[in-house]
Amino acid sequence: MKTLLIISHPDLIDSGSQQYFLNSIKNQDDITIQHLENLYPDGRIDVMKEQDLLKRHDRIIFQFPFYWYSGTPFLKKWQDEVLGEGFGYGTRKKPLAGKEFGLVMMIGVAEKEYQAGGEELFTISELTKPFQAMANKLGMIYLRPLSIFQFFYMEEEEKMNTLIKYWQMLTMEKDISLATREKWLIQQLQNMTESTTETNTITFAIERIQENRDKIDELKMVLDDMFLE
């Protein structure tokens with residue numbers, strides 16, 4: 001599976017949260033990273049190039065800071081131009097039909113504020129419905145968004161947990177079974193064995209594999225007890 005990661009951020013280099021995640025995938029051959037503001041500093045988008053990239057990838061991810069309950073202005077400009085008439089709509093053939101689409105959002109407000117009784121009033125699911133509608137119009141499969149709340153207030157273990165969720169969002173098959181997650185984690189470890197900078201994350205991932213195996217063993221024990229009864 002090949003993933004196209006479309007990033008919109010006006011100051012990506014100085015964003016610690018963005019760099020934390022992007023540095024972890026810089027050696028991934030199956031991920032193409034497109035930082036829009038860097039590629040098109042004059043605002044002139046190469047529409048044909050962007051459309052060709054969309055066609056050549058299986059999963060499309062938008063990554064952006066959550067500005068005023070939506071994406072960035074440049075991301076909206078990209079949508080208007082790249083997904084315009086004759087490609088995104090206005091034609092019987094849907095070139096992106098069947099591909100997967102997801103969101104990775106950096107959010108500065110606490111998660112509780114986007115829940116019932118929170119100050120933001122609406123949930124993330126409600127606020128991202130325009131993206132869901134876009135995916136539906138394009139015939140794409142909408143993935144559950146990865147919402148990263150207040151990254152800099154996270155403890156180290158929470159950051160690593162979120163990093164693994166990020167890798168899953170970009171590279172794991174749309175299957176949440178324990179077997180699939182374990183197979184995926186092992187593959188990630190194999191991909192990172194040559195990197196000396198990810199030692200802590202590798203150790204953390206190994207622990208997650210062991211936890212998955214423990215859960216499987218527990219389920220087997222419950223099933224065995226049921227049959228014995």
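Computed from label points 7 Å out along Cα-Cβ, the spacing between ALA110 and MET1 is 3.4 nm.
Kirkwood radius for segment 1-160, taken over all pairs of different Cα atoms as the inverse mean of 1/r, rounds to 16.7 Å. Taking the Cα centre of segment 4-94 as the origin and placing charges on Cβ (Lys, Arg +1; Asp, Glu -1), which of ILE7, LEU39, ILE61 is farthest toward the positive end of the dipole? Most positive-ward Cα: ILE61. Working note: Karplus 6.51/-1.76/1.60 with θ = phi - 60° gives segment 16-21 the couplings x, 5, 4, 5, 4, 7 Hz, where Gly and Pro are set to x. Ordered by 1.4 Å accessible area with all protein chains kept, ARG59, ARG92, ARG144, ARG44 run largest first as ARG92, ARG144, ARG44, ARG59. The accessible-area ordering, largest first, of the residues ILE13, ILE6 stands as ILE13, ILE6, per a 1.4 angstrom probe.
Charge dipole (Cα centre; +1 on Lys/Arg Cβ, -1 on Asp/Glu Cβ; no other charges) of segment 21-170 amounts to roughly 760 debye.
Ordered from highest to lowest accessible area with the whole protein assembly present and a 1.4 Å probe, HIS57, HIS35 read as HIS35, HIS57.
Spacing of the modelled spin labels on THR32 and LYS55, each 7 Å from Cα toward Cβ, amounts to 1.1 nm. If R0 is 22 Å, the Cβ-Cβ spacing of MET154 and LEU121 corresponds to a FRET efficiency of close to 0.35. Legend: residue pairs LYS2/LYS94; LYS26/LYS165; LYS55/LYS93; LYS94/LYS165; LYS93/LYS137, Cα-Cα distance threshold 21 Å; pairs beyond threshold, LYS94/LYS165. Contact order, relative form, for segment 62-185: 26 percent (alpha carbon pairs under 8 Å, 6 or more residues apart, mean separation divided by residue count).
The values are calculated or read from the model by the stated rules, or taken from the named source; none is laboratory data. This is a predicted model, so every value here is computed, not measured. All Cβ positions, glycine included, derive from the backbone under ideal geometry; neighbour counts span all protein chains shown. The protein model used for the area step is the full one, side chains on, heavy atoms only, and it has no ligands, DNA or RNA in it. Shrake-Rupley method; radii C 1.70, N 1.55, O 1.52, S 1.80 Å.
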